[in-house]
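Down below is the structure, laid out as structure tokens.
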Amino acid sequence: MPLMQFKDIIGQRQVIDRLLSSYRENRVAHTQLFLGSEGTGVFALALAFAQYINCEQKQEGDSCGKCASCMKYERFSHPDLHFFFPTTTNDKVKKEPKSELFLEEFREYLTENRGYITQNGWYEYLKVGNKQGMINVRDASDIIAKTSLKPYEAPYKIILIWMAEKLNDSTSNKLLKTFEEPPENTIIMLVAERYEMLLPTVRSRAQLIKVPKIGNGDMKQALRERLELEESRADEITLMSSGNWNLAEDLADNSEEVKANFITFRQWLRYCFKPDDYLGLNKFISELGRLGREKQKAMLNYGLDMVHLCMLHNQDHHNLVVKSGEELDFSKKLAPFITTENQEEIYKLLNEAVYHIERNAHPGILFSDLSFRLIDIFRAARAKK
Ligand SMILES: [Zn+2]
């Protein structure tokens, strides 16, 4: 079950407080423009506000999440809630696309992403290839038809238009009157990422609600609680994601992989530093062989990154090393054995290995050969110490 109350929004306390007071003071504009870049939760915020407005048992500072209206909102299927968004043709809808034809997919996409949706993510979900979507004039007719009816059961009918910058000229011209003065008990919520892409005629008719990037403290907390990341990794991703939750999630996904690569690479180098343990090395190599080509390549590429980090340490560019915890420790320990001379050789070996794996080299032979060369390189580096 999706959770779309204010309490499920990441951070954005000030915006939420502002929305709550606008409701309390009876200042909710009939046409609102929620403006925030990707990953800020701008769409989720608009939706949570809509749910709050129509909640039958409002709590202190949030909707109840339990009343009949909230239940329908949480399924994105309230009869007085209407979504409009960019669409284009795909395998299912081969001509004349419009939002109504993709409602089922949109609800699924919303559910999967808990309201943190992105334009590219949506197009990928629809499998539309490189085509760009838009909100076209058929949607404008539907919006006018929806607003001409009285709400079925809620105090307010909500028209939620996501990616308002995708309203083309003819669509927005047709809607100007509606935006200017929506019918009674109708609230139009426009959600957009880029102000400069909006038609001036649209901008001028809506009350602006700016949604900033997610603050670092809120981001870190969300990474710890929602994705259960350990502290150091949450710190790292907070810094890299610059207030964009969608980016943070991608980085975290990726970070599981990075971790796996780190563990494998570290294990491998331990054998290369301890060349008398042939049995261990052989066993390790046969395990590597079972990983599959993509993972073998990812581990080698990780190795290339690690060598680069070691060079950064050696050149005293410690501030450029964006690693923490065990990875940072490991890079510091490895750095003394990476020299300007052998760095080039290691790069070449790892790159060649990637090349050969792509061309179906036998992993057992490839990794044995590579290991013996690394053993020689590190032996020479140690001899010089
Ligand atoms: Zn409720």
Response to the item:
Subset of the stretch 234-250, residues open to solvent by 30 Å² or more (accessible area, probe 1.4 Å), within 22 Å of residue 298 (Cα to Cα) and modelled with pLDDT of 85 or more, comes to 247, 249, 250
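Yes/no matrix, rows are residues, columns are (1) more than 17 Å from residue 322 (Cβ to Cβ); (2) touching a residue at least 40 places away in the same chain (Cβ under 8 Å):
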position: 251; (1), (2): no, no
position: 255; (1), (2): no, no
position: 258; (1), (2): no, yes
position: 263; (1), (2): yes, no
position: 266; (1), (2): yes, yes
position: 269; (1), (2): yes, yes
position: 274; (1), (2): yes, no
position: 277; (1), (2): yes, no
position: 281; (1), (2): yes, yes
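Being of a type outside the set (A, V, I, L, M), modelled with pLDDT under 95, in contact with a Lys or Arg (Cβ under 6 Å, 6 or more places away or on another chain) and open to solvent by 30 Å² or more (accessible area, probe 1.4 Å) narrows it down to one residue among 180, 228, 196; which is it? Steps first, answer last, please.
Details: 228 fails: in contact with a Lys or Arg (Cβ under 6 Å, 6 or more places away or on another chain); 196 fails: in contact with a Lys or Arg (Cβ under 6 Å, 6 or more places away or on another chain).
Only one candidate qualifies: 180.
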Discussion item. Here are the criteria: (1) at pLDDT 95 or above; (2) closer than 28 Å to residue 98 by Cα. Tell me which single one residue 202 does not satisfy.
Written reply: (1)
Fill in: Residue ID - nearest to residue 333 (Cα to Cα), chosen from residues in the stretch 345-385 that are of a type in the set (Val, Ile, Thr) and in contact (Cβ under 8 Å) with a residue 60 or more places away in the chain
375
Worksheet, complete the sentence: Scanning the stretch 104-147 residue by residue, those polar (S, T, N, Q), closer than 22 Å to residue 245 by Cβ and either buried (at least 17 other Cβ atoms within 10 Å of the Cβ) or modelled with pLDDT of 90 or more (or both) turn out to be 111, 113, 118, 119
Item to complete: Residues that are without any contact (Cβ under 8 Å) to a residue 40 or more places away in the chain and either of a type in the set (A, V, I, L, M) or at positive phi (or both): find the helices (runs of 4 or more DSSP H) completely inside the stretch 120-219 holding 2 or more of those.
Response: 137-148, 169-180
Discussion item. So, residue 17, is that one more than 16 Å from the ligand (Cβ to nearest atom), of a type outside the set (A, V, I, L, M), under 19 Å from residue 208 (Cβ atoms) and surrounded by fewer than 23 Cβ atoms within 10 Å (Cβ to Cβ) or not?
Written reply: yes
Item to complete: Run residue 33 past the list (1) touching a Lys or Arg at 6+ places or on another chain (Cβ under 9 Å); (2) more than 12 Å from the ligand (Cβ to nearest atom); (3) without any contact (Cβ under 8 Å) to a residue 24 or more places away in the chain and report the number of the one that doesn't hold.
Response: (3)
Worksheet item: List pairs: first in the stretch 53-64 and touching a residue at least 24 places away in the same chain (Cβ under 8 Å), second more than 6 Å from the ligand (Cβ to nearest atom) and acidic (Asp, Glu), Cβ under 8 Å, 6+ apart or cross-chain?
Response: 54/80
Worksheet item: Failed condition for residue 150, given (1) open to solvent by 30 Å² or more (accessible area, probe 1.4 Å); (2) modelled with pLDDT under 90; (3) within 28 Å of the chain's Cα centre (by Cα); (4) more than 21 Å from residue 45 (Cα to Cα), with all others met?
Response: (3)
Worksheet, complete the sentence: A careful count of residues in the stretch 37-88 that are away from the ligand (no atom under 12 Å from the Cβ), under 26 Å from the mean Cα position of the chain (by Cα) and more than 27 Å from residue 142 (Cβ to Cβ) gives 3
Practice prompt. Mind listing whichever residues of the stretch 81-111 are outside any helix (DSSP H, G or I), among the acidic types (Asp, Glu) and touching a helix residue (DSSP H, G or I) at 6+ places or on another chain (Cβ under 7 Å)?
Written response: 96
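Does residue 163 qualify as being crowded, with 21+ Cβ neighbours inside 10 Å and either of a type in the set (Asp, Glu) or under 23 Å from the mean Cα position of the chain (by Cα) (or both)?
Answer is yes for this residue.
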Discussion item. Tell me whether the stretch 73-83 contains one or more residues that are open to solvent by 10 Å² or more (accessible area, probe 1.4 Å), among the small types (Gly, Ala, Ser) and under 20 Å from residue 107 (Cβ atoms).
Written reply: yes
Worksheet entry | Residue check for residue 23: within 15 Å of the ligand (Cβ to nearest atom), farther than 30 Å from residue 223 by Cβ and part of a helix (DSSP H, G or I) | yes
Discussion item. For the stretch 65-74, which positions are assigned to a loop (DSSP other than H, G, I, E, B) and free of Cβ contacts under 8 Å to residues at least 40 places away in the same chain?
Written reply: 66, 67
Worksheet entry | Pairs, first under 10 Å from residue 126 (Cβ atoms) and at pLDDT below 95 in the stretch 85-98, second open to solvent by 20 Å² or more (accessible area, probe 1.4 Å) and outside any loop (DSSP other than H, G, I, E, B), C-beta under 6 Å, six or more apart | 93/101
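The values are calculated or read from the model by the stated rules, or taken from the named source; none is laboratory data. Everything numeric in this text was worked out from a predicted model, so none of it was measured. Positions of Cβ are generated from backbone atoms using ideal geometry, with glycine treated the same way; all protein chains shown enter the neighbour counts. Quick note on the areas: whole protein, heavy atoms, side chains included, nothing else; ligands and nucleic acids left out. Shrake-Rupley method; radii C 1.70, N 1.55, O 1.52, S 1.80 Å.
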